[in-house]
Amino acid sequence: MGRGSTRARIKEMALELFTKQGYEGTSLREIAEHLGVTKAAVYCHFKTKEGILAELLQERTQPIEDVIAWAEAQPLRPDVQQEALRRYEGALAHAAPIFTILRENQGNLRDLAVGASFRALLTRTLALFRPPGADLVDQVRAVTALIAVHTAAGALSDADATVDEKRAAALTVGLELLASAHRTGLPARQCRSTEPPGSPGT
């Protein structure tokens, strides 16, 4: 079996074990045992389990990084933020497993580089929807919009609906929250401020 496929198998198994028994409760030895290889074989690819988690974070969140980069390059407008939320929700499926691991093990990861990388990603994400200067109510709306698309499927586990239906409902709520913030908060004011003198609304 090739080196590339072995590395991929290590990451897949680590993701499964981190999810089932936590980051702290998983060792390189256990990953090796579940794969039927020696610890030395795992060590050839990753010196630490943090290295595995860091690579998983980078790979799994790349679609979200792409959404953030796209949105950061756009002017701050309500339609851009709404499209960013749509794209973000679409990218979440790939990132959800690693987000769950990082959230549930944040105490153990707080002082590690991978924890800092995760916090930096969250900070950039929040900045897309909660620009500096927004009042507290609009900040709560923006954060709640993100929470909605992150947690709806799990929080509504007993709802009589498919996963796709739950995701669609959560996105609808998130978009409504952003629209409400735009009607009352800073994003709308900033958009108006960019209009040339003499145009309607100035």
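Farther than 20 Å from Asp164 by Cβ, without any contact (Cβ under 8 Å) to a residue 12 or more places away in the chain and in the same structural domain as Leu128 (by TED's automatic domain parsing), is that true of Val80?
Yes: the conditions hold for Val80.
What pairs can you find where one residue is in the stretch 33-49 and free of Cβ contacts under 8 Å to residues at least 40 places away in the same chain, the other is assigned to a loop (DSSP other than H, G, I, E, B) and small (Gly, Ala, Ser), and their Cβ atoms are less than 8 Å apart, with a gap of 6+ or different chains?
Lys49/Ser27
For Tyr23, only one of the following conditions fails: (1) of a type outside the set (Lys, Arg); (2) in the same structural domain as Leu177 (by TED's automatic domain parsing); (3) touching a Leu at 6+ places or on another chain (Cβ under 8 Å); (4) not in a helix (DSSP H, G or I). What is its number?
Evaluating Tyr23 over (1) of a type outside the set (Lys, Arg); (2) in the same structural domain as Leu177 (by TED's automatic domain parsing); (3) touching a Leu at 6+ places or on another chain (Cβ under 8 Å); (4) not in a helix (DSSP H, G or I) leaves (2) as the failure.
Of the residues Thr100, Thr19, which single one is surrounded by 14 or more Cβ atoms within 10 Å (Cβ to Cβ), under 20 Å from Leu171 (Cβ atoms) and out of contact with any Lys or Arg (no Cβ under 9 Å at 6 or more places or on another chain)? Quick ask: steps written out before the conclusion?
Values: Thr19 fails: under 20 Å from Leu171 (Cβ atoms).
From the options Thr100, Thr19, the qualifying one is Thr100.
One line per residue, one yes/no per condition, for (1) modelled with pLDDT under 90; (2) of a type in the set (S, T, N, Q); (3) surrounded by 13 or more Cβ atoms within 10 Å (Cβ to Cβ):
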{"position": "Gly36", "(1), (2), (3)": "no, no, no"}
{"position": "Arg60", "(1), (2), (3)": "no, no, yes"}
{"position": "Asp66", "(1), (2), (3)": "no, no, no"}
{"position": "Arg87", "(1), (2), (3)": "no, no, yes"}
{"position": "Ala96", "(1), (2), (3)": "yes, no, yes"}
{"position": "Gly107", "(1), (2), (3)": "yes, no, no"}
{"position": "Ala116", "(1), (2), (3)": "no, no, no"}
{"position": "Phe129", "(1), (2), (3)": "yes, no, yes"}
{"position": "Pro132", "(1), (2), (3)": "yes, no, no"}
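Can you name the residue in the stretch 79-137 that is touching a Gly at 6+ places or on another chain (Cβ under 6 Å) and outside any loop (DSSP other than H, G, I, E, B) and is also nearest to Lys20 (Cα to Cα) among such residues?
The extreme case among them is Leu109.
Yes or no: Lys11 of a type outside the set (S, T, N, Q), at pLDDT below 95 and within 19 Å of Ala95 (Cβ to Cβ)? Steps first, please.
On the way: of a type outside the set (S, T, N, Q): yes; at pLDDT below 95: no; within 19 Å of Ala95 (Cβ to Cβ): yes.
No.
Where the second residue is at pLDDT below 90 and not in a helix (DSSP H, G or I) and the first is in the same structural domain as Leu177 (by TED's automatic domain parsing) and surrounded by 14 or more Cβ atoms within 10 Å (Cβ to Cβ) and lies in the stretch 135-158, which pairs have Cβ atoms under 6 Å and are six or more apart or on separate chains?
That search, which allows pairs on different chains as well, returns Asp138/Gly185; Gln139/Arg130; Ala142/Arg130.
The values are calculated or read from the model by the stated rules, or taken from the named source; none is laboratory data. Everything quoted here is computed from the prediction, not taken from an experiment. Cβ sites come from the backbone with ideal geometry, for glycine too, and all protein chains shown count toward neighbours.
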